[in-house]
Amino acid sequence: MSFRTARKSGICLLLCLATLFLAGCSHTEPRHQTNTLALSAEATQNTRLGQAIVPLTGKHQGLTGIHLLSRPNDAFAARMLLTKAAERSLDIQSYIWRKDTSGILLLNTVYDAAERGVRVRLLLDDNGTTGLDTELAALDMHPNIEVRLFNPFYWRKLKLLGYLTDFKHANRRMHNKSFTADNQATIIGGRNIGDEYFGASPDASFSDLDVLAIGPVVQELSHDFDKYWASQSSFPAAQVLAPATPQDLAALTMTAGDTAKSESAASYMKILGELHTIQQLIKGELPMEWARAKMVSDDPAKGQGDVPPQDLLIRQLVDIIGEPASSLNLVSSYFVPTETGTKALTTLARNGVKVQVFTNSLAATDVAAVHAGYAKWREDLLEAGIKLYEMKRTESGTPRPDSRPGRFGSSGSSLHAKTFSVDGTHFFVGSYNFDPRSAVLNTELGFIVDSPVLARKIDAAFNTDIPRNSYEVLLDPDGSLYWLEHVNGTLQRHNIEPDTTLWQRASVWFVSHLPIDWLL
């Protein structure tokens, strides 16, 4: 399970607090081996992707091509089709990889790519690989596939014990997500690999945002992947996982075949036959926004706690973008501004900058503890004139992956996107949440794009999709909060947090008084 999921149950919170009394605990782990040198593939201009992309980038010297992937079906299909199109290399980085329909289908497609000679590097944060040890070990046996795990746990059956015995490293995760083929095209954004991110989970569904990118920024990302691959936090799978057998690899192929024929995969397979994102890219027909883009990324040494504050990704964002002059429109699934962030945002607002924030409501969030870290700052933010929107929980159940949400989705039950616009000119998309965990604990990455076109898409969403799919939080003259909801063309007022129970609200109130913002 993921660290955030563990906290939702409350168990991990108790374990984290317990570590304050167990700082001297340690466990013996294998000494880190020197990682083999393996750099991103070069001279890929003659691959199918290269032959299509090089002429396009030649026409837009110094610019990056960006194609938004806001719909869950597009996001899944783009990854599958990009894998099928690869001829030289696949470099894949993910925080979570589920053992579910989409996860198994993608793993098998990666295996098929290796079978036809593609070199695969799969770098996964070990917090999100539950149940996949055998499959990952089996893939790692393939001569064209190498699997590495970031800050791995040596308690394989109960990873939560790692937070007690090696809290320093277990609490630092690799939250980066990237999916790069032939060093020519990449997908980055907020989505992990799992049915809930691609609109097919019966239990949860996330509204999210990725981009498919080509051009100079892909080279930046590939070099960054090389750094993570060789970092002291990335362990070869063979050093961590129990050895697999050839039968295990055959079992993965058989499981994937059964999965592809299952009812749960039917809509996915239909989508793959209907969507032509990568084919359009190869033909030069995929709509692209061309702009200057810069990759921002944490140094992988952050996984060891060895990065000074001035080198963190948040500092890079400030250095590149500067201070907003007129507007800041922020979309963050987990928004924990803390006292410092609240002061910075309220200062901007009082200096005339229009600040708007879209995050999850208590009803929609998948991590109530994170909501507690946000809720206690709402009054301060609202008093400064900042607009707050909280995503509504949907009532219609799980959407199909071929559903058609808006820019940030109306079909998702929980917001998971991480994006913002500044002054109508800068656009950011990536893995970075505006919370202390992203700022100082987890490693993150993203793209900053100098594009009024993309920035205006975020701005426009605050006038259209976001108000329709959210509660606007407001402040009464007496200082109490209330929520406005658009219902059938009229505004409905709620004086308590909508669609929540007394127990939920009491729990959030209690957690908000604990000194744990740094963990959220």
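The values are calculated or read from the model by the stated rules, or taken from the named source; none is laboratory data. Just so we're clear, the structure is a prediction, and the values are computed from it rather than from any experiment. Every residue, glycine as well, gets a Cβ built from its backbone with ideal geometry; the counts of neighbours run over all protein chains shown. Ligands, DNA and RNA are stripped out before the accessible areas are found, and what is left, the full protein with its side chains, is counted by its heavy atoms. Shrake-Rupley method; radii C 1.70, N 1.55, O 1.52, S 1.80 Å.
Specify the residue that is modelled with the highest pLDDT; the eligible residues are those in segment 280-319 that are surrounded by 14 or more Cβ atoms within 10 Å (Cβ to Cβ) and of a type in the set (Val, Ile, Thr). Per the stated criteria, the residue is Val296. Residues of segment 274-332 being of a type in the set (S, T, N, Q) and within 24 Å of Ile187 (Cα to Cα), which ones? The answer is Thr277, Gln279, Gln280, Ser297, Gln316, Asn329, Ser332.
Of the residues screened, Arg119 is one that is surrounded by fewer than 22 Cβ atoms within 10 Å (Cβ to Cβ) and closer than 22 Å to Ala238 by Cβ. Looking only at segment 92-102, residues that are at pLDDT 95 or above and open to solvent by less than 10 Å² (accessible area, probe 1.4 Å) come to 5 in all. Return the residue satisfying two criteria in turn: it lies in segment 176-207 and is among the charged types (D, E, K, R) and at pLDDT 95 or above, and of such residues it is nearest to Ala78 (Cα to Cα). The residue in question is Arg191. When segment 236-256 is filtered for residues that are closer than 18 Å to Ser102 by Cβ and open to solvent by less than 30 Å² (accessible area, probe 1.4 Å), the ones remaining, listed by number, are Leu252, Ala256.
Condition check ((1) hydroxyl-bearing (Ser, Thr, Tyr); (2) closer than 19 Å to Asn171 by Cβ) across all residues:
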site	(1), (2)
Lys302	no, yes
Pro308	no, yes
Arg315	no, no
Ser327	yes, no
Pro337	no, no
Asn351	no, no
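Criterion applied to Thr134, Thr109 was being among the polar types (S, T, N, Q), open to solvent by 30 Å² or more (accessible area, probe 1.4 Å) and within 21 Å of Gly257 (Cα to Cα), and the one residue passing it is Thr134.
Residues in segment 53-77 that are small (Gly, Ala, Ser), more than 16 Å from the chain's Cα centre (by Cα) and part of a helix (DSSP H, G or I): Gly58, Ala77. Residues in segment 322-334 that are touching a Leu at 6+ places or on another chain (Cβ under 9 Å) and assigned to a loop (DSSP other than H, G, I, E, B): Glu323, Pro324, Ser333, Tyr334.
With the condition kept exactly as written, say whether any residue in segment 491-499 is surrounded by fewer than 10 Cβ atoms within 10 Å (Cβ to Cβ) and in contact (Cβ under 8 Å) with a residue 12 or more places away in the chain. Taking every residue of segment 491-499 in turn, none turns out to be surrounded by fewer than 10 Cβ atoms within 10 Å (Cβ to Cβ) and in contact (Cβ under 8 Å) with a residue 12 or more places away in the chain.
Against the test of being over 22 Å from the mean Cα position of the chain (by Cα), β-branched (Val, Ile, Thr) and surrounded by 20 or more Cβ atoms within 10 Å (Cβ to Cβ), the options Thr346, Thr359 yield a single qualifying residue, Thr346. What about Trp503, is it free of Cβ contacts under 8 Å to residues at least 60 places away in the same chain, over 21 Å from Lys177 (Cβ atoms) and either open to solvent by 40 Å² or more (accessible area, probe 1.4 Å) or touching a strand residue (DSSP E or B) at 6+ places or on another chain (Cβ under 7 Å) (or both)? Answer is yes for this residue.
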